[in-house]
Structure formats: C-alpha cells, structure tokens
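Have a look at the structure below before the remarks.
The values are calculated or read from the model by the stated rules, or taken from the named source; none is laboratory data. All values reported here derive from a predicted model rather than from experimental measurement. We place every Cβ from the backbone using ideal geometry, glycine too, and count neighbours over all the protein chains shown. These accessible areas exclude ligands, DNA and RNA; they are computed on the full protein's heavy atoms, side chains included. Shrake-Rupley method; radii C 1.70, N 1.55, O 1.52, S 1.80 Å.
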Amino acid sequence: MGRFGEIFLQDLRYSARAIVSNPGFFTVLILTLAVAISANTAIFSVVNAVLIRPLPLADPDSLVAVVQTLPQQGIFDTGTSYPNFLDLREQNRAFQDIAAIRNHSFTLTGSGEAIYINGATVSSNLFSLLQVSPAQGRAFVSEDDNLDAAPVALIGETLWRQRFNGDHSIVGKTIDLENQPYTVVGIMPSSFRFPYSTSNPQIWIPLTKDTVVRDLLKRRKGHYLEAVARLKPGISLAQGQAELAMIVDRLAATYPNDNAGSGVRIMRLQDRLVGDIRTPLLLLWGAVGLVLLIAGTNIANLLIGRATSRARELALRTALGASRIRLVRQLLTECALTGLIGGTLGFLLAYLAVSTSAAAIPSEIPRIHDIRVDGSVLIFTLMLSVAASILIGLAPAFYFSQKNLHTTLQEGGRSGGTSKGRLESRNILVICEIALSMVLLVGSGLVLRSFQRLQRVDLGFDPSNVLTANLSLSRSQYTKPQQWTDLYTRIIERLKAAPGNPEVAAALPLPPNGSGFNFKFSIEGHPPPSSGTDYSANYSAVSADYFRVLRIPVLRGRSFAPEDTPESNKVCVISSEFAKHYFPNEDPVGKRLVFGYVDEIPREIVGIVGDVKQAGLAASIAPQMYVPYPQNPWWSMSLAIRTSIPGEQFSGTVRRELQNIDRSLSSTDLQLMFSNISQSIAQPRFRTLLFGLFGLTALFLAAVGVYGVISYFVSQRTRDIGVRLALGALPGDVLRMVLIQGIRLAAVGLAIGLIAALALGRAMNSLLFGITATDGLTLLGATLLLLLVALVACFVPARRAMNVHPIVALRHD
C-alpha cells in the first residue's frame, strides 16, 4: 500500500472515530440524508422502469407505434380500421412488418365457474414481429387469419397454472371462450408483458375471430385497431413516417368518403406506451430532487456550525504541521463516509418502500410490473450518495479554506473575528433552503388545489348507491340483435324484482369510464359544415330508465320510453353541450340527425338532457347523443343498479341472478360507481399524496434550517445583547432584533423562491385541473405558510435572547 493509501486509511479511521464520538449529531445527519436519498431512489425506480429501461423485447428501438390522425378535427392519436391496416402492411417498404391489436375481454366457460379474462385479439404476425415465442406449443401463423380457419388461442402461463393446474396436455385441447371452442396452440411465458395493456392479458386470439372485427372487416371508417411495426435496419423514423404518409394520401384519394382528411404518424413504441405519464413522473422526480437539495443545504449548514466549533482544533493541527489541503481532505472524507452510510440506509428504505407500496401505485401506470429496486437503481443510489457527499462537504471545506488559522489561535476560541463571515455563509445557505422550499411548496399547493377541484367537479349524475357491472354475451350463442335485446331486457326485469326495490338500467358505456364511440353525423336539412370536416359526437346506447336511474335531468322534451322499439320511429336524445354546439340559435327538439353504427339512418331528436362527465372527471364536456338500446342493440353492455341495499350485499344477488338466467354469463368489475370514480382519479390522488409529503418535508427542513441559523446568530451576539441590556435596552427590543434578522432571511428566500416557482410553473400546467400555475391563492398561501414557519422557528432563539442576564452575557466567551 502506497503513501496515498495509508493517508486515506488514516482519514477514514479518523472520520469513523469522529462519527462514533458524536453519535447524536451524525445520527441527525445520516437520517436526514437517508430519508432524502430513499425518496429519490424510490421515485427513480419508477422512472427507470417506465421511462428509461428499454422494453423487454428484441431490438426495442426499431419498434414503433402507428397511429392515424384527423388533423381537421383536432385528433392526432386514434386507431385504424382493418382494411386500412392491411393496406399499410402490404404497400410499405420501410418496415419489416406491421401488426394490429385490439384489447378484448373473454368469458371463459367449461371447466369450473365462468370467469371474465382480460385478453386481446391480434393479427397473426404480432408475436413474430415482437420476436417472442411461446413457452410451449406454437404462436399464430398466417393461416390462422383466414376467415374459415379453425379458431385457435394462446393462453398466458398465469392462467394456465391457475385455471388448468399447469396441465401440459392443454396444448392441442379446446377451451370454451364465449361458448365457442378454441384450440389452445401455445402457452406464453409469464415473463412476456403484452405491451399494449396494463392489465396483463392472458388470452389471445386472431383478429378475424374477433366478432367486433368480423362485422367491420370491410369498413374503413372505424378507428378500433392499434398498430405496431418494426422498422427495417437503417430506416429512420422520418423515413418510415414519410412512406406511411404517402400510403395514407393514396388511400384518401382512393376512398375519399372514408379516409378524406386522414393522416398518420409514428413514434417509438416505448414513447407511445408511456403516454401522458412522462411529465408527471419527471415532475415528481424533480420535486424529490428538491427535497434532496434542501436536505443537503440543511446538512451543510450543520457541518459549517460544527466546523466553527472545531476551528481551534483544526488550527492547532495546522500549527503542529498538518497542511490545509490535508485538513480539507479530512473534512471531505468525513462527509463521504457519512454519505455512504446515509446512502446505504436510504437504499434499504427505498427497497422496503417499493416492495411494500407496490399496490398503492396506480395500475394505469404503464410497465408497473417492471418497477423494482435492481442493480441500476443501486448504481444510481451510489452515485447520488457520492455526489451529495461531495456537494455537502464543499461548504465546510470552503469555509475552512477561507479562515485565518493564525487569527483563530490568537482569539483563543472566542466568538468574534470571523464570526461575521461564518454567519454570512450560513445565511446564504438558509436563503437557498427557503427558496427551494418555496418552489416545492408552491408545486405541492398547486397539485393539492387541482385535486380538490377535480374531486368537487359536477359529474352531471348521481353515483350514490349505484352498483355497476359489465357484461358481454357470447356471439356464438347469441347471434342476433333480437337475442341481445331479449336477454338484457330479461336481466333488467329479474334484477328489478330482487329485494331492495332496485332501479336498473343498461348502457354502453357508463360514465366516467370513457366516451364510448365517436360517430360522424349530419343534420337533416342543414348544409355540411363550412370547414369541410364532418360533424361528430360521442354516442351511447341506453335503456329506457337510464336517465332516471343515474338522475340525469331531462332539460327539454322527453327521455326514452318502452315504446321506443325497433319497429317504432327512430329517435335520439342529445346533451346540453350538443345543443349549444350544433344548434346555437334554434330549438333542436324535432330536428333529425343522420348517423348509425352500421347503417346511417335519420333519428328524430326527442329530448335534451344534462351534460355528463362521460370520459373522466378531468375531461372537458363533449357533445353527446343517445339512442334507445332496443333500436341499436349491442352484445356488450354495462348495468347501473341503484338500490337501498348496500352494494356489497346486492352484488351477490346480481351474480346469482345472472347464473340463474344463463350459467355462461359472467360479470367483470362488479363494484360501486363511487369506487369506479375513485379509481378514475387514482393517478392524480397518488401524485398529490407524494407532492404533499415532499412539501411537508421541505417545510420541516426549512424550519430546522432557520432555527439553526438564528440560534447561531443569538450565540454570536450574546455579548452584544448583554451590553445592550446593561445599557437599558428592553427585552422586547432584543426580541425585535432577532425576529427582524429571521424575517430578512425569509423574505429574501421567499422572493427568490417565488420567482423560481413562477418560472417553473409552466411545466406543471399539464397536471392541473381548474387552476393555472399562477394561481394567486396558492402563491399567497405558500408564502404566508413558509413565513409563519420561519417566524415560529425564529421565536424560540429570540425568546432565549431576550431572557439573557447581562452579567452572564458579558462573561460569555
């Protein structure tokens, strides 16, 4: 071991002795650093899994998502139709292949009770495009796409183990999906994470066996398929985009009624999957980074205070031959060892937090199953600990390097001489700490106020005491629309007769799960829009009692009635926003709209109802049109059941009645509508909680920092205070002097922090609902709260100063 190694070991041993000899002081330092590092590590584990770590697929950089756009309608991210997908796939030369996907749920019958399984319908080339293979059996082949091909399915390993007890002979056997036999051709390994879903699908079938797609195989107007592609080697995103744009232009020219105004764009598949979660995650990471900076500033302040108390010791060591560089290195080694211990503890705390709180992370976050504290997170923690240690150690090292050690020995350790410089250094750190705390407190306040607004939003309906259930009928068993209508009518009537006098309605879809379908329409007798684009609105099919069950007010005309049958006059009801948007200066009741799922037919507007938050609490109100379910039936519907019996109890009645009607019927998401609404705002609630915790931490650390500096100020001015009191100054004058010192620091920090918060506020606009980043109440509240905390932190040392006895103060060294 060389000379350098010996010196390093000496410094390390000396630092260890210093930590052991001052357990209280270093425990505070280590715990403060550990909490800040653990928070950063935990958030980084999420950022790493969602934003940084490549998709667990072969050559993920070449995988792209293909989305259609409707620029004239302001739509820049929608799906494609099956005919358009085939043309994009066959006519391009820039991609190795293009595959199509549609998320789909299946009712699995046969062995045991019928269960609802999340799955997907895919083009046969998807798995070869992703370059993944089944653990057993085979993937789909092109022949499986033929309309007359035997139905086949792939199942996930989890389903295979749970439902089929890990039976290896299941490959080649048939299972019943929607009461139709499908031959299992392969089992996908549990390590395979389907990229287009957060619900971990467990069944896949070919697209052409999807009953929805089969009805639309020749219709180009739909936007129901997701498309994923793999670029050929050497082809850039721009080149792929240019080629697909040319193909889409050709399709628009060839099929103007279906594709006019359409566009296309491609993006990295990982960027597509991340979606809108990128900005919130980066802001959370920035917020927890501010917590680390605030904690580091606090620790640096404490270390400067300790360096002040050790000034005479360090001066004596210099007089005995130690170089200034050696002493500065010793201080840095001490900080590095403290940081290493704090980082290790922080990593363990982060591992515990991520392991135990995984269930609290909203399921809507993509790649949630990949979130873990692994080697890359460990490296991040190590680098963060080293960087924090160096930055924190620079403050006392710089302070010490500026001291006149000869003067320190002459002072004999008395306060004076350099005390002004010491105080100024600590003042600067506290100002920085208050400024950083102000930025974080404003951000936390904005997110909290936004979430409060979101919770108080007018839904347009009453969700209290409403139980919801989603149903999907087997298209092989229930083949005709009349069968769908008869069965849902029977279900509604049976549930109405159950105990508790329930009110029952059916709809596709129920709020606030989504907007459902968006249909183009025309107004009979009105010219087409001057912009050249089609009219469009969201669409729902609902039963006669729908508006009454959900307490949606009928503002004009009437709602639907049992007399609105397939044989009667075709009618529709529109929302208030629809009326304002498309009939601004006339009464729409009695007018006729022309639209339809398969055939576009005229429908008379018979009523106007209140607006509903159909697509989520944060979504803006969009024009909505409703049709009677019997006049446009669907095989898939959702039930809304309002009952005086607690929903948890009535759910058993629902399951029992469904089984009595048809044992193949199974309901998914049987839950209270309030629970559904709560789940819809899980992401805003989660980030509000985190921002709130970070804000409270910043507030506490700022209070500690101000208290430390003012206490140091009082100790440095003790002799001066004694002189003032001896000459007749009142205790109130001393109190005022100390408080003014604290207020000055707080005011400067608040001013700097407010400017920084306003500058950074634009990045938060995408997270806010109902307010802007310049919300006056939030800015004022954060300012007053931080000022109040600073005053409270100042008051304790100020009270101590005003109670100093003059004789004791004059003897103070």
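Were the residues from L760 through F76 laid out at 0.36 nm apart, the gain over their Cα-Cα distance would be 243.5 nm.
Taking the Cβ of V606 as the center, what net charge do the other residues with Cβ under 12 Å away carry, scoring Lys and Arg +1 and Asp and Glu -1?
My count for the surroundings of V606 gives +3.
Shape class for the stretch 53-107: rounded, because the ratio a/c of the largest to smallest gyration tensor axis (alpha-carbon atoms, square roots of eigenvalues) is under 1.5. Taking a sphere under 13 Å around the Cβ of R272 and counting the other residues whose Cβ falls inside, with K and R at +1 and D and E at -1, yields a net charge of 0. Each Lys and Arg contributes +1 and each Asp and Glu -1, all at the Cβ; summed about the Cα centre of the stretch 476-634, the dipole is approximately 320 debye. Size descriptors for the stretch 158-263, from the alpha-carbon set: Rg then Dmax equal 19.2, 54 Å.
In the stretch 582-689, the portion of solvent-accessible area held by carbon and sulfur atoms comes to 50 percent [1.4 Å probe, whole percent, DNA, RNA and ligands not counted]. The heavy atoms of D374 offer some 40 square angstrom of accessible surface to a 1.4 angstrom probe.
Within the stretch 124-181, the trypsin sites (Lys or Arg not before Pro) that combine a DSSP coil assignment with at most 12 other C-beta atoms in a 10 angstrom radius are K173. Among the listed pairs K221/K591; K480/K520; K232/K613, a Cα-Cα separation exceeding 32 Å is found for K232/K613. The spacing between the stretch 550-578 and the stretch 188-259, judged by their C-alpha centroids, is 36 Å.
Report summary: the helix-based calculation at 222 nm, which adds -39500 (n - 2.57) for every DSSP H run with n ≥ 4 and divides by the residues of the chain, gives -16500 deg cm²/dmol.
Among all helices in the chain defined by DSSP H, which have a length of 24 Å or more along the axis from Cα atoms plus a Kyte-Doolittle mean of at least -1.0? Answer set is 3-21, 23-47, 237-254, 278-309, 324-356, 375-401, 419-455, 682-716, 731-760, 776-802. Taken over the stretch 579-693, the convex hull of the Cα atoms encloses 192 Å³ per residue. About the centre of its Cα atoms, the chain shows a dipole size close to 3620 debye [charges on the beta carbon of Lys, Arg (+1) and Asp, Glu (-1) only; nearest 20 debye]. Rolled with a 1.4 Å probe across the full set of protein chains, the surface gives I379 an accessible area near 100 Å². Per atom type, the stretch 43-129 shows carbon and sulfur on 49% of its accessible surface, probed at 1.4 Å.
Counting only heavy atoms of the protein chains and using a 1.4 Å probe, I755 has close to 120 Å² of accessible surface.
Could you do me a favour and compute the accessible area per residue for the stretch 8-136, 1.4 Å probe, result in Å²?
For the stretch 8-136, the solvent-accessible area averages 38 Å² per residue.
Taking E648, E364, E178 and ordering them by how much accessible surface each has at a 1.4 Å probe, largest first, produces E648, E364, E178.
Volume of the convex hull of the stretch 111-171 (Cα atoms only), normalised per residue: 114 Å³.
Which net charge results when you count Lys and Arg as +1 and Asp and Glu as -1 among the other residues whose beta-carbon is under 13 Å from that of R548?
+1
With all protein chains present and a 1.4 Å probe, how do L670, L758 order by accessible area, largest first?
My answer, sorted largest first, is L758, L670.
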